[in-house]
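Scroll down for the structure; my scribbles are underneath it.
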Amino acid sequence: MKDWRAYFAILAKDMKTYYLKPPNISWGIIFPLVWTGMFFIRSGSGLGSIPNLLPGVISVAILFGTTSMLAVNITFEKKNRSFERLLLAPIPFELLMLAKTGGAILFGTANAFVPVIIAAFIVDLSGIAWAAFVPGIILIAMSSTFLGLFIAVAVSEVFEAQTFSNFFRFPMIFLCGLFFPIAKLPVFLKPFSYALPLTYGADILHGAVHGEHALPYLLDFGALTAFCLVLFAASLWNIKRKWIL
Amino acid sequence: MFDAIAVQGIKKRFDEVQALDGISFNVKKGELFGFLGPNGAGKTTTINVLTGLARPDAGKVVIDGIDCTRRPKAAQHLVGVVPDESNLYPELSGFGNLCFCAALYGMPSKERKRRAQRLLADFGLDKAADRKFATYSKGMKRKLTIAAGIIHRPEILFLDEPTTGIDVASARQLRQLISDLHQSGTTIFLTTHYIEEAERLCDRIAFIVSGRIVKTDSVARLLQPLRGRHVLEITCTGITAKIERALSVEFPGLDFSIGKQSIVRVEAGEEIRVGPLVRFLEEAGTEVAEARKVKPSLEEVFIKVTGIEAEAMEKEKERKGRKE
């Protein structure tokens, strides 16, 4: 019980201090809107194409929202030493880090539903397989958050975290099958695609929105879960190695 | 009964620097134990090792009977830590910071609010309770950081340089607060570079230099060798080695040494008569500005044991404090 009080206190503090700030809320709304508008204009195929744009816009919104926020949150607290206060708290280290990343997961998930809610007013979304769509979004948010954590722990300055994140984020957008089908990528790029967590998330969303997924759901969910576990474990190992000297 | 803290042969190395070189000491329950040493002596590293923020390369740390080298988090509920720099959350208010810190130790909501209000009142911060921590003065920040360190009523409190870089009035208030905490039975591990502060507050003191403890004892026992020693310091201009030699010939029962800023230090095993000395110096052509008797202090013990000038150590830290 005591551990969970600490967990919710950290989560609530992070939400208040970092995520529920006007710039972040406006980012969460404007970013998906701009991407939707951009692809809508680019495709020129009318309102009916909006569901086709959803997987890409949702994935990008989650990826940028979670990794950017976590880079700021973790790196800033490490730099001003307030993270030491958390390390001194008598709660399991794993629970502490789940609390620190919980806010980003919620923020990423909320970001994902902004384009969905907007789309719901414009087109019929009754065809979406929600049972795959919602868990898919949550798992994408988790894997992106843990990727952000992994990056944040590897650097010491906020700007380094943002720069380092871009090395992962931009290639991921173009290699994960959101905008170019993986089948049409050159052979030498395909292994990179399957080494990215977002590839499996994008496949779930494509399947849930318009029924076309390249891999079985079980494999997609299993791969995303594995990415979450590996990235979280690697980040924890790195924190213990680098920050508990 | 267990000691509050038992440390055996702790070693810690950072790259080329041996930060701790086999230190051992015990702190009894309810004791105020001072850790005195210059910058870079290993004081903060010791606190980090004791509280689980750093892993020792060798040795053993036992807090209240719990082996913290094997289970670093097992004793964290027993300890409170006040770091050398205030590390609370700038975006949260004073009240918000204390409530958050209480929640980290699992305190229920109503209790944490009550406790936060009580501490804010005790530390004279109640009027600034709703202000953001970032807007606090340095003294207020230190006070709130100490309040955060004791919010969960820890049995053992680690205070790392609590009065560095703050004004005299705030430092005096903080010393009183530390003394009150000690009186209430809290075991306190205090690192400081202020020798007077250590002398006034601590039951026992360890001198640490270059990662090694060079002396550990109670304040009374450390001062024992100085009892019966009389010291006089005479500030004068125009003092030369020739005059110093003449002094030794004229006053054979006294020991003379000339320190910085033309201060003649006179030591003896009996009361020193000021008049003849001043007269002799003035007749020798110097101008005496001041002569004052010096009470034997821990500072002298520190200088003798470590060979480090206490004044230089304090100035160095003050410069650091101003930079922060």
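Every number here is computed from the coordinates shown, using simple stated rules; none is lab data. Here the structure is a predicted model, which is why all the values come from computation and not from measurement. Positions of Cβ are generated from backbone atoms using ideal geometry, with glycine treated the same way; all protein chains shown enter the neighbour counts.
Of note:
- Inter-probe distance in nm under a simple model that places probes 7 Å from Cα toward Cβ, at B:Lys11 and B:Lys215: 2.7 nm
- With a simple spin-label model that places each label point 7 Å from the Cα along the Cα-to-Cβ direction, the separation between A:Ala131 and A:Phe167 comes to 4.2 nm.
- Least to most buried among A:Met1, A:Met142 (fewest other Cβ within 10 Å first): A:Met1, A:Met142
- Among A:Met172, B:Met140, a tally of other beta-carbon atoms within 10 Å of each Cβ gives an order, fewest to most, of B:Met140, A:Met172.
- Lys/Arg +1, Asp/Glu -1 at C-beta; the protein assembly as shown dipole; positive extreme among A:Leu147, A:Leu218, B:Ala171: A:Leu218
- The value of relative contact order for region B:228-295, using C-alpha pairs under 8 Å at least six residues apart, is 51 percent.
- Considering only the Cα atoms of region A:1-41, their convex hull presents on average a projected area of 3.6 nm².
- Each 10 Å bin, from zero up to the one with the longest distance, holds this percent of the alpha carbon pairs of chain B: 5, 23, 27, 21, 13, 8, 3, 0.
- Only alpha carbons enter this Debye calculation for the protein assembly as shown, each as an equal point scatterer, and the log10 of I(q)/I(0) it gives at q = 0.09 Å⁻¹ is -0.79.
- From the C-alpha gyration tensor of chain A, square roots of 5λ in Å: 31, 20, 17
- Computed over region B:228-295, the P(r) tail beyond 19 angstrom holds 20 percent of alpha carbon pairs.
- The residues packed around A:Lys16, meaning those with a beta-carbon under 13 Å from its beta-carbon, carry a net charge of +1 if Lys and Arg are +1 and Asp and Glu are -1.
- Listed by number, the DSSP H helices of chain A that run 27 Å or longer by alpha-carbon position along their axis and have mean Kyte hydropathy of at least 1.6 are A:93-122, A:130-154.
- For the protein assembly as shown, the Cβ-based charge dipole about the Cα centre amounts to some 880 debye (Lys, Arg positive; Asp, Glu negative; other atoms uncharged).
- The label point for B:Glu244 and the one for A:Ser49, both projected 7 Å from the Cα toward the Cβ, are 9.2 nm apart.
- Among B:Glu199, B:Glu16, B:Glu250, B:Glu91, sorting on how many other beta-carbon atoms sit within 10 Å of each Cβ, with the fewest leading, yields B:Glu16, B:Glu250, B:Glu91, B:Glu199.
- Crossing angle, helix B:109-122 versus chain B [Cα axis fit, 0-90 degrees, rounded to tens]: 20 degrees
- Entry note, region A:2-242: relative contact order of 25 percent, from Cα contacts under 8 Å with a spacing of 6+ residues.
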